[in-house]
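The values are calculated or read from the model by the stated rules, or taken from the named source; none is laboratory data. Quantities reported herein were computed from a predicted structural model and do not represent experimental measurements. Here the Cβ is made from the backbone with ideal geometry for all residues, glycine too, and neighbour counts use every protein chain on show. We work out accessible area using only protein heavy atoms, side chains counted, and drop any ligands, DNA or RNA first. Shrake-Rupley method; radii C 1.70, N 1.55, O 1.52, S 1.80 Å.
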Amino acid sequence: MIKPVYTAALPVMENFVIQKNRIENNVGENTKRVCIVTGTHGDELEGQYVCARLAKLLNEEKDKFSGTVDIYPALNPLGIDSVTRGFPMFDLDMNRIFPGSPTGSLAEAAAHNIVRDIEGADICIDIHSSNIYLREIPQVRVSEQTADGLLQYALMLNTDFVWIHAAATVLESTLAHALNLRGVKTLVVEMGVGMRITEGYCTQLVDGILNLLYKLGMWSGRLRLTRSPIVSKDRNVSFVNSDAAGVFIPHAAHGDYVGANDCIGTIIDPLTGNIAETVVAPCEGFVFTLREYPVVFGGSLLARILEYKKDA
Amino acid sequence: MLKETIYSIKSPYRQSMDITAYTFGGGEPSCCIVGALRGNEIQQMAICAQLVNTLKRLEENGCLVDGKRIMIIPCANYYSMNIGKRFWTMDNTDINRMFPGYDQGETTQRIADGLFKSICDYKYGVQMASFYLEGEFLPHIKMMDTGSGKQETYESLTDFGLPYGIIRTPIPYDTATLNYNWQVWGCHAFSMFAAYTDHIGRQSTQTAVNSVLRFLIAKGIIKWTLHPGSHTRIIKEESMCNMQTTFAGILKKHAKAGEDVNEGDLLCEISHPLEGHTLGRIVSPINGTVFFAYNKQLVMEHTDVFKIVPSVEVGATGAAAGGARRVQLWMDV
């Protein structure tokens with residue numbers, strides 16, 4: 001059943017509308033509720049395919065499903081509709097305004113109503129797909145503060161990697177933080193790249209979500225698990241940023257295992273043809289993030305490598 | 001005056017962006033003034049440019065106090081300014097959400113780090129700031145209440161001689177701003193809001209320039225005489241009355257920033273965008289002064305179109321006790 005989560009009037013003959021699709025079967029006192037949310041950043045589209053696949057599957061095989069799944073494909077509908085990462089008209093990152101405010105701007109009021117609508121759910125999966133610059137291996141990100149309560153669920157999602165990262169005050173403005181504070185176990189998934197859909201990753205995550213539903217006693221249909229994620233903390237992750245400006249040509253492939261000092265790419269100067277920088281791996285490990293957008297400034301992130309040898 | 005590049009970043013296809021700092025006097029780092037961090041902060045850059053011009057003359061005339069050093073950085077993001085973009089050219093990130101910065105991080109983290117390393121040791125810091133909503137403000141000076149107990153920062157709000165000093169309680173989103181980090185590093189930090197952002201108001205620019213000079217005089221950094229400016233009323237940000245739309249359409253304003261209004265005065269009307277009839281009116285629920293007036297012609301629901309400072313002297317303590325005031329008062333027609 002399609003339900004409005006929040007509506008507000010736009011200046012000319014149109015309403016801003018956030019919608020959800022509620023799929024439910026055999027709902028009772030002890031059945032669970034899981035929310036799938038995505039589309040906070042308008043340029044992240046991988047979650048669109050996950051939502052569509054999941055909605056179709058659960059509706060077609062409703063006899064194997066019990067409980068409630070709420071699917072929110074577009075928390076920032078104006079952004080997705082206009083190929084805009086932020087919230088149009090405000091030029092702000094929607095994932096920095098939670099928990100919002102009922103008396104704030106339209107964006108803040110929308111954030112408030114999203115949180116209020118999800119409150120009471122058992123689990124929420126917040127799907128992101130990086131940005132247009134970086135490609136990510138399917139991974140769950142949880143903060144150190146929430147890892148104890150979330151790790152068991154993160155491991156169910158059929159991703160390649162679970163990254164337990166340090167907390168930062170600025171991240172207290174995210175949807176995941178607001179929901180975790182309110183008792184909704186919220187897991188952030190990052191995968192793929194902005195403005196594209198990577199079908200294999202989406203299918204992998206749908207399988208993970210079905211596994212989560214199965215573990216929660218909500219699903220009795222087919223299961224297809226293909227991944228056993230590596231769990232790691234910040235100290236095992238190395239960042240590779242460019243020092244030169246130019247065009248990045250990767251030599252390593254996304255998902256490769258590389259050795260320390262292996263060349264993972266070059267930054268070239270298109271005017272002269274010279275190599276401005278040879279980019280080497282700072283450690284032996286797994287390239288889980290790789291730059292997709294070629295033009296770089298000094299400081300542009302080129303890769304993240306999960307170190308191979310240290311203990312997690 | 002010493003002109004130097006404090007940080008430089010290379011682009012693949014443009015000349016390097018060199019952040020230029022102007023230093024006056026010598027000795028202890030006394031006051032730093034930072035202008036545009038965003039590409040549309042044109043008035044903020046222009047205020048700093050006027051300050052550079054004025055301080056150059058004052059220095060030549062021996063008006064700087066010995067042992068005091070002033071630094072002015074008019075623009076730390078002209079790459080964005082030159083292409084008409086508010087945030088960073090490549091990835092749309094905001095330099096003013098990257099402090100204290102990181103020298104091994106992303107481009108805007110590196111810019112923030114390069115800038116902050118040059119300015120973090122100053123005793124006083126003034127940032128020419130802008131607001132995300134488009135509109136006209138009464139010029140004011142603002143500080144963040146970081147809880148670090150700097151009584152001197154509170155008291156110094158009055159040294160600018162602006163009519164209003166605003167105290168903001170920071171939220172998590174503020175913790176990566178220049179103002180917040182300056183304070184964490186021990187600097188007495190202030191954000192000055194001139195009337196505009198991408199428009200250079202002649203009078204408001206002069207007001208801002210004079211208020212910085214007045215502050216430098218009050219702190220014993222320059223020797224000069226200037227009229228004392230206004231009495232400063234210090235209020236907590238949440239004590240302002242925010243007037244928010246509950247209709248969307250074409251906005252017709254009947255009040256401007258700086259005007260005194262009485263309870264019941266008509267502030268604006270919103271009309272149907274295709275049929276022209278009036279959908280609703282906003283009247284002032286209090287006696288006060290219009291502090292902010294939104295200046296776009298189209299409004300959506302939930303837009304703060306006016307902020308009004310109550311004329312009753314509630315002061316910082318009273319405002320805190322009273323809590324947030326948000327009023328929606330409509331006279332439907």
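Evaluated against (1) closer than 29 Å to B:ASP174 by Cβ; (2) within 12 Å of chain B (Cβ to nearest Cβ); (3) outside any loop (DSSP other than H, G, I, E, B); (4) of a type in the set (A, V, I, L, M, F, W, C), A:ALA9 falls short on exactly one condition, (1).
Within the range B:178-191, the residues that satisfy the criterion of being surrounded by 19 or more Cβ atoms within 10 Å (Cβ to Cβ) and without any contact (Cβ under 8 Å) to a residue 60 or more places away in the chain are B:ASN179, B:GLN183. Those strands (runs of 3 or more DSSP E) of the range B:223-272 in which at least 2 residues are touching a residue at least 40 places away in the same chain (Cβ under 8 Å), touching an Asp or Glu at 6+ places or on another chain (Cβ under 9 Å) and more than 14 Å from chain A (Cβ to nearest Cβ), considering only elements entirely within it, cover B:233-236.
For residues in the range B:161-177 being within 14 Å of another protein chain (Cβ to nearest Cβ) and part of a loop (DSSP other than H, G, I, E, B), which is least open to solvent (accessible area, probe 1.4 Å)? Going through the qualifying residues, I end up with B:THR177.
Residues of the range A:209-223 include at least one that is modelled with pLDDT of 95 or more, in the same structural domain as A:THR7 (by TED's automatic domain parsing) and under 30 Å from A:ALA107 (Cα atoms). Is it the case that the range A:163-173 has a residue that's within 14 Å of chain B (Cβ to nearest Cβ) and crowded, with 20+ Cβ neighbours inside 10 Å? Yes. Return the residues of the range A:49-69 that are in a helix (DSSP H, G or I) and either touching a helix residue (DSSP H, G or I) at 6+ places or on another chain (Cβ under 8 Å) or not assigned by TED's automatic domain parsing to the domain that holds A:THR198 (or both); say none if nothing qualifies. Once the filter is applied, which keeps residues that are in a helix (DSSP H, G or I) and either touching a helix residue (DSSP H, G or I) at 6+ places or on another chain (Cβ under 8 Å) or not assigned by TED's automatic domain parsing to the domain that holds A:THR198 (or both), the range A:49-69 yields A:TYR49, A:VAL50, A:ARG53, A:LEU54, A:LEU57. Name, by its number, the condition in (1) in contact (Cβ under 8 Å) with a residue 60 or more places away in the chain; (2) assigned by TED's automatic domain parsing to the domain that holds B:GLU134 that does not hold for B:ASP174. Answer for B:ASP174: the failing condition is (1).
Hey, does the range A:70-78 have a residue that's among the acidic types (Asp, Glu), open to solvent by 20 Å² or more (accessible area, probe 1.4 Å) and not in a loop (DSSP other than H, G, I, E, B)? Walk me through it before giving the result.
Pass one, the range A:70-78, residues among the acidic types (Asp, Glu): A:70.
Add one more test, that the residue is open to solvent by 20 Å² or more (accessible area, probe 1.4 Å), and what stays is none.
Scanning the range A:70-78, I find no residue that is among the acidic types (Asp, Glu), open to solvent by 20 Å² or more (accessible area, probe 1.4 Å) and not in a loop (DSSP other than H, G, I, E, B), so the answer is no.
Of the residues making up the range A:263-279, those that are farther than 18 Å from B:MET90 by Cβ and either surrounded by fewer than 17 Cβ atoms within 10 Å (Cβ to Cβ) or aromatic (Phe, Trp, Tyr) (or both) are A:CYS263, A:LEU271, A:THR272, A:GLY273, A:ASN274, A:ILE275, A:THR278. Looking across the range A:104-144, the residues that are within 14 Å of another protein chain (Cβ to nearest Cβ), within 24 Å of A:ASN241 (Cβ to Cβ) and either open to solvent by 20 Å² or more (accessible area, probe 1.4 Å) or assigned to a strand (DSSP E or B) (or both) come down to A:ASN131, A:ILE132, A:TYR133, A:LEU134, A:SER143.
Of the residues making up the range A:212-259, just one is within 24 Å of A:ILE123 (Cα to Cα), of a type in the set (Val, Ile, Thr) and surrounded by fewer than 16 Cβ atoms within 10 Å (Cβ to Cβ), namely A:THR226.
Applying the condition of being within 14 Å of another protein chain (Cβ to nearest Cβ) and out of contact with any Asp or Glu (no Cβ under 8 Å at 6 or more places or on another chain) to the range B:280-301 and asking which residue is least open to solvent (accessible area, probe 1.4 Å) yields B:VAL299. Of all residues in the range B:130-144, one or more are among the hydrophobic types (A, V, I, L, M, F, W, C), within 19 Å of B:LYS236 (Cα to Cα) and buried (at least 23 other Cβ atoms within 10 Å of the Cβ). Just one residue in the set A:GLY299, A:GLY255 is on the phi > 0 side of the Ramachandran plot and within 14 Å of another protein chain (Cβ to nearest Cβ); that residue is A:GLY299. Counting residues in the range B:134-157 that are within 11 Å of chain A (Cβ to nearest Cβ) and either part of a loop (DSSP other than H, G, I, E, B) or within 29 Å of B:LEU213 (Cβ to Cβ) (or both) gives one or more. Summed over the range A:280-297, the residues that are surrounded by fewer than 22 Cβ atoms within 10 Å (Cβ to Cβ) and over 23 Å from A:ASP160 (Cβ atoms) give a count of 3. Residues that are of a type in the set (A, V, I, L, M), within 30 Å of B:GLY26 (Cβ to Cβ) and surrounded by fewer than 20 Cβ atoms within 10 Å (Cβ to Cβ) occur in the range B:226-247; there is at least one.
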